[in-house]
Each structure stands twice: as structure tokens, then as C-alpha cells.
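First comes the structure, then the notes that go with it.
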Amino acid sequence: GLVKRGNERVLKARFNDARFFWNVDQQKKLSERVEDLAKVTFQAKLGSYLEKTNRVVALVDELGGNTHAQRAALLAKCDLTTEMVKEFTDLQGVVGGLYARHQGEHEAVAKAIYDHYLPVSMEGDIPSTHEGRIVALADKLDTLRGCFAVGLVPTGSKDPFALRRAAQGVVKILVEAKLEYKLDDLASGELREFLLDRIQYYFREIRGFK
């Protein structure tokens, strides 16, 4: 009983924190937070999250994403400026999707933001909507292209930007959502070889192909 009451007390305090942050964050819409991303660094050589956002929006357009996908790409990283995500960092994306829905964004936009970090592993689910899949694909591809362009290529067990996971996510989304893009249009050079390696791993280890 003492353990139960102690846990309840801690959880109650965390929920109260969450309620407080939710109410504070609603004073500023996600769409009003886009410019604030200029103050959040994505990577020293690759600039701010605002610069990343602009690249992802352009890439979504390049991939044929509709207006909902483009809107989701614009707002996807805005929750990084919220008090909720600063306190509960694991809720990136999730918070953005919930806020988007609460603030009257189209359901397709909210769902795409909510899902755009998926899949988190080779066993995990891909985003459930077409818009979410396009935004997730664009976000991961931008990270991969940028990091490879500035020489941040994974070596051995070192992979500080989780590029292997991003590449696995790209492969999983492409295959399981049956998206028809040419690999040469998505990547070139060293990144293309890196993705090919992930493709072989996916079909051999995950799907069991000989």
C-alpha cells in the first residue's frame, strides 16, 4: 500500500505538470511557433530546425505530397518549442499531433504530425496514413542526406544521429506502404549504398528472403 500511494503521489504531480504545460502551450498555436524553430539547432553544420523544416516541406512537395502533407511537414517540429516537450522529451511528435488536433488543424495533418517519427524500429509500425508516411519519409531522408553531405557517416558502433534507424525507417515505409520511388531519385553515392545495405538487411533478416 505504501508503494502504491507513493507512486500515485508521483504520478499525480506529473499529471499536474502536464496539465499546466498543456494550458501554457495553448496560448500560442503551432503555426505561430514556426519562426521559433530558428532558435533550435538541428545540427551545427546543418543549421536550425527552421532550415530543416523548409527542406522537408520542399521534399514533401518533391515526393508528391498533398496540401495536408505539406502543412504537416511545416508544423511537425514546432512542438520542440513547447514547454510540454521540453519537460517530456519522449513525446516529440505525439504532442505536436495532439496540439494540432486541439487547435483545429485538419485530422490528416494532426495524424501525420503524430506519426512522423515512426517507425521507431524494424519491428514497429509505419505511419498509418499516406500523409504521415510521406512526411516521415521526407524527414528521415533529409536527415540522411544532410548528415552524409557533411561527413557524419556512421562508423562501427558509432551512430550519434541514429542514421541506421532513419535508413531502416525509409526502407520499411517504402516497402510496406508500397510507395513507388526510384532509389536513384532519393539518394546517390555513399548514401545510396548505405540504403542498399539496409534494404538487403530488411529483406534478409526481417522478411526472411534468401
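Here, each number is a calculation from the coordinates, and none is a lab measurement. Just so it is clear, the structure is predicted and the values come from calculations on it, not from any experiment. Here the Cβ positions follow ideal geometry from the backbone for every residue, glycine too, while neighbour counts run over all protein chains shown.
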* Asked: Say we join alpha carbon atoms closer than 10 Å with springs in a Gaussian network model of the chain; which of GLY96, GLY169, GLY151 then has the biggest fluctuation?
  -> GLY151
* **Residue-wise HN-Hα coupling along the range 177-184, computed from phi with Karplus coefficients 6.51, -1.76, 1.60 (Hz; x: Gly, Pro)** => 8, 6, 7, 9, 10, 7, 4, 5
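So if a site counts as exposed when it's one of the GluC sites (Glu not before Pro), its DSSP state isn't H, G, I, E or B, and it has at most 15 other Cβ atoms within 10 Å, what's the longest stretch of the chain without one?
Within the chain, the longest run free of exposed GluC sites (Glu not before Pro) spans 1-122.
How much net charge surrounds GLU35 when only other residues with a Cβ under 13 Å from its Cβ are counted (Lys, Arg +1; Asp, Glu -1)? Intermediate results must be reported in sequence, preceding the final value.
Numbers: positive: LYS28, LYS29, ARG33, LYS39, LYS77; negative: GLU32, ASP36, GLU51.
Net charge in that neighbourhood comes out at +2.
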* Using alpha-carbon coordinates, inclination of helix 189-201 to the longest axis of the chain, degrees -> 80
* For the range 165-171, Karplus couplings with θ = phi - 60° (6.51, -1.76, 1.60), whole Hz, Gly/Pro x -> 5, 4, 5, 4, x, 4, 4
* Structure fact -> Most fluctuating of GLN92, GLN43, GLN27 in the GNM of the chain (C-alpha, under 10 Å) is GLN27
* So which of LYS86/LYS158; LYS29/LYS52; LYS28/LYS52; LYS39/LYS86; LYS45/LYS158; LYS28/LYS77 end up more than 24 Å apart by C-alpha? -> LYS86/LYS158
* PRE reach from HIS130 (point 7 Å along Cα→Cβ): which of the range 177-198 fall under 15 Å by backbone N? -> 177-181
* To do: Return the calculated 222 nm mean residue ellipticity for the chain, to the nearest 500 deg cm²/dmol, obtained by summing -39500 (n - 2.57) across DSSP H runs with n ≥ 4 and dividing by the residue count.
  => -18000 deg cm²/dmol
* Structure fact -> With +1 at each Lys and Arg Cβ and -1 at each Asp and Glu Cβ, the charge dipole magnitude of the chain around its Cα centre, to the nearest 20 debye, comes out at 620
* Karplus 3J(HN,Hα) series, Hz, for the range 49-64 with 6.51 cos²θ - 1.76 cosθ + 1.60 (x for Gly, Pro) -> 5, 5, 5, 4, 4, 4, 5, 5, 4, 5, 5, 4, 4, 4, 7, x
* GNM, the chain, Cα, under 10 Å: largest mean-square fluctuation among ASN23, ASN66, ASN54? -> ASN23
* Structure fact -> SER121 and THR67 label points (each 7 Å along its Cα→Cβ direction) are spaced in nm at 4.0
* Structure fact -> Amide H proximity to SER48 below 5 Å, modelled H, separation 5+ or other chain, gives PHE42
* Structure fact -> With TYR181 itself left out, Lys, Arg at +1 and Asp, Glu at -1 over residues whose Cβ is under 12 Å from its Cβ give -1
